[in-house]
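Have a look at the structure below before the remarks.
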Amino acid sequence: MEKASSPEKWQAKVSTTLTKAKPDQIWLLFTDFFNLHKWLPTLGTCHGVHGNNGEPGCIRFCSSSSIRSNSVESAAGWSKEKLVAVDPVERVMRYEIVESNIGFESYVSTVKISPREDGDHDGCVIEWSFTVDPVRGLSLDDLVMKYEKALEVITKNMEEEALTRRESS
């Protein structure tokens, strides 16, 4: 995990290594931009609201499930996210939050999927970095922790799906 903080922007990168799924398999799942909820169950919904799935300029709407704690229900967080760039050769995609109720301002994120450095043909490294204005009520450490947990869940589910697809083909 790398992070930098200034009064103007927060920046951080989280990463994980998968040992069984190939980079191209994981890339296909990440670029299914309108279906993040398949991999991150805390999202109640994720669907396209503009453009073609996986193409620069498309926009998805993501909403978390409402949270109920101690008989108090909190409103679901939501965001509209625009896919800004996709590079299938380098397996890099960049997106930004264009509207939300979760306090993210000037948010830009990059996901990069690379082969493992040890030369193993299976496995890959996923890096998820972001730049955002400081978020009220949240520290950079808290935000990084949320991203680490989300990446762990997303990649575990994606690796399972990639292996299932490989076995069935």
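The values are calculated or read from the model by the stated rules, or taken from the named source; none is laboratory data. Keep in mind the model is a prediction, meaning the values are calculated, not measured. All Cβ positions, even for glycine, are placed from backbone atoms using ideal geometry, and neighbour counts span all protein chains on display. Surface areas here come from the heavy atoms of the whole protein model, side chains and all, with no ligands, DNA or RNA. Shrake-Rupley method; radii C 1.70, N 1.55, O 1.52, S 1.80 Å.
For this structure, a couple of remarks:
- Distance between modelled label sites at LEU40 and ALA76, nm, 7 Å Cα→Cβ extension: 1.4
- Helices in the chain, meaning DSSP H runs of at least 4 residues, each add -39500 (n - 2.57). Divided by all residues, the mean residue ellipticity at 222 nm is -7500 deg cm²/dmol.
- A 1.4 Å probe run over the chain, with the rest of the protein chains in place, finds 56 Å² accessible per residue.
- Here the calculated FRET efficiency for ARG165 and VAL49, from their Cβ-Cβ distance with R0 = 25 Å, stands at 0.35, rounded to the nearest 0.05.
- The label point for GLU90 and the one for ASP141, both projected 7 Å from the Cα toward the Cβ, are 3.3 nm apart.
- Centre separation in Å (Cα based) which lies between the stretch 24-69 and the stretch 93-133: 14
- On full extension, the segment bounded by GLN11 and VAL125 gains 39.1 nm, given 0.36 nm per residue less the C-alpha separation.
- Only protein atoms count toward the accessible area here, which uses a 1.4 Å probe; on the chain, the carbon and sulfur part of that area reaches 49 percent.
- Most to least packed among 11-17, 78-84 [average Cβ atoms within 10 Å]: 78-84, 11-17
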